[in-house]
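The structure under discussion appears below in the form of structure tokens.
The values are calculated or read from the model by the stated rules, or taken from the named source; none is laboratory data. In this text, all values refer to a predicted model and were calculated from it rather than measured experimentally. Here the Cβ is made from the backbone with ideal geometry for all residues, glycine too, and neighbour counts use every protein chain on show.
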Amino acid sequence: MRSKGVFLVVLLSALTAYYVYLPIPNNIEERWKLMLTDSIFRSLSHLAELTEQLGLLDYMRVMMFITFAERVVPVSDDRVQVVDENFEGVEVIVYQPAQIEDTGELKRAIIYLHGGGWCLGSSRMSPYDLLARHMVTELNAVIVSVEYRLAPAFHFPIPFEDVYRVVKYFLHVDVLRSYHINPERIAVSGDSAGGNLAAAVAQQLQQDSRNNVHLKVQALIYPVLQALDLNTPSYQQNQHMPILTRTLMIRFWSEYFTSDKSFFRAMMTNTHNNPESAALLKFVNWSSYLPDSYRRSYNYSAPPVAIGNNPVHSFASFSWLADPRASPLLVPDKTLRLLPKTYVLTCEYDVLRDDGLMYVMRLRNAGVDVTHEHYPGGFHGALMFTVWPTDFEIGRKMIDNYVTWLKLNL
Ligand SMILES: *[C@@H]1O[C@H](CO)[C@@H](O)[C@H](O)[C@H]1NC(C)=O
Ligand SMILES: *[C@@H]1O[C@H](CO)[C@@H](O)[C@H](O)[C@H]1NC(C)=O
């Protein structure tokens with residue numbers, strides 16, 4: 001009996017150690033807290049893989065638990081008025097200064113797009129609710145937090161189109177007037193997959209000749225910007241980093257596009273490009289667009305491409321791979337040149353670091369005014385970790401710097 005008990009304790013400790021311990025670089029602050037937080041994510045991810053393999057529940061259905069666990073009901077308080085609205089069939093939450101605080105002055109506006117790999121997340125998660133409230137009071141702004149529909153139930157381009165419909169509706173002069181918004185002080189912003197949607201929306205909007213209200217700024221927080229090369233140095237360096245592993249990011253990408261699991265496997269080996277997307281590889285060539293200090297000892301080799309009738313895989317018809325509404329890095333300089341002032345936040349320990357770095361370089365080459373904030377001890381998703389017990393100092397720092405930038409530039 002006793003030895004069985006000892007055996008169980010040893011087994012449990014080994015399992016816990018296996019789950020909790022992760023070789024995390026020393027310059028990441030609060031390492032143990034991050035390991036613990038990440039172990040929750042990893043356990044859930046393993047459970048999700050299991051239920052998917054057993055045919056019980058799809059991976060993303062299980063991962064949605066994180067979204068539900070952090071869900072709140074956004075309500076008004078003495079400083080912030082919160083209203084659920086429906087803009088052109090899309091749910092949004094509008095946060096604005098409470099009437100009492102209203103000085104009659106025209107306000108700024110921020111259209112905010114939450115992260116979660118287009119598959120998870122909600123504007124009703126507590127960190128997003130807190131961020132929106134904070135921005136209302138700090139910036140005297142109206143925040144439109146968009147509850148776009150999610151993959152895999154709604155594949156690309158639906159999440160993008162939901163966001164774009166909201167933005168076009170909101171930018172009507174009458175709508176702006178009804179919220180007392182200054183049409184010259186409007187931003188689009190988002191984190192992670194929300195940063196992807198924000199970048200894509202900003203590009204489409206500036207190219208739309210029927211649009212007369214222009215964005216003042218776009219603010220992109222560790223954005224996802226391209227699906228063509230999933231072996232950039234940051235994907236290689238950070239493939240097992242906390243919160244967002246390379247495998248999870250590739251799951252998000254493939255689920256955004258299709259439920260065909262062979263596409264996921266092709267993306268894992270970076271052999272998913274087709275002739276149409278291959279023609280755009282030059283726009284994500286990290287051997288040209290990464291500063292030396294980030295290229296380090298990594299050697300560039302262009303992702304292989306299906307040629308003629310001997311395709312590596314049969315994804316030749318997947319035209320969304322070359323679509324800049326999914327991969328905003330895939331546009332020529334003349335499109336970038338139209339973009340407003342830009343803020344880009346990147347983290348060293350993030351598979352998406354190089355997407356952000358390349359966008360910074362390409363935007364600057366095109367003459368766009370870019371503020372780039374890089375966090376040498378930063379990890380993906382840090383901005384979401386502001387609520388006890390998974391609160392991190394670096395998350396608070398990021399929010400402070402981001403909001404300060406908006407205060408000065410929006
Ligand atoms: C990437 O850039 C390098 C030079 O920096 C060049 O030699 C190579 O041909 C380029 N590859 C692609 C696919 O654009
Ligand atoms: C890149 O190539 C050089 C020279 O061939 C080699 O020494 C180095 O190990 C390679 N780097 C990686 C990350 O494979």
- Top-ranked residue of the range 278-300 - restricted to ones that are within 16 Å of ligand 2 (Cβ to nearest atom) and in contact (Cβ under 8 Å) with a residue 24 or more places away in the chain, ranked as nearest to Leu228 (Cα to Cα): Trp286
- Task: Sort through Gln237, Gln206 and tell me the only one that's under 25 Å from Phe385 (Cβ atoms) and out of contact with any helix residue (DSSP H, G or I) (no Cβ under 7 Å at 6 or more places or on another chain).
- Result: Gln237
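Rundown of residues vs (1) in a strand (DSSP E or B); (2) of a type in the set (Asp, Glu), yes/no style:
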site	(1), (2)
Leu34	no, no
Asp38	no, yes
Glu49	no, yes
Val62	no, no
Ser76	no, no
Asp84	yes, yes
Gln96	yes, no
Thr103	no, no
- Message: Take the conditions outside any loop (DSSP other than H, G, I, E, B), surrounded by fewer than 22 Cβ atoms within 10 Å (Cβ to Cβ) and charged (D, E, K, R) and apply them to Asp400. Does it pass?
- Response: yes
- Task: Test Glu29 against the criterion of being more than 20 Å from Arg133 (Cα to Cα), modelled with pLDDT under 95, touching an Asp or Glu at 6+ places or on another chain (Cβ under 8 Å) and assigned to a helix (DSSP H, G or I), and give yes or no.
- Result: no
- Note on the structure: Scanning the range 274-303 residue by residue, those more than 8 Å from ligand 1 (Cβ to nearest atom), surrounded by 14 or more Cβ atoms within 10 Å (Cβ to Cβ) and either among the acidic types (Asp, Glu) or in a loop (DSSP other than H, G, I, E, B) (or both) turn out to be Asn274, Glu276, Leu280, Leu290, Tyr298, Pro303
- Residue identified as surrounded by fewer than 19 Cβ atoms within 10 Å (Cβ to Cβ), within 21 Å of Gly194 (Cβ to Cβ), of a type in the set (S, T, N, Q) and in contact with a helix residue (DSSP H, G or I) (Cβ under 8 Å, 6 or more places away or on another chain) among Thr346, Thr342, Thr390, Thr386: Thr390
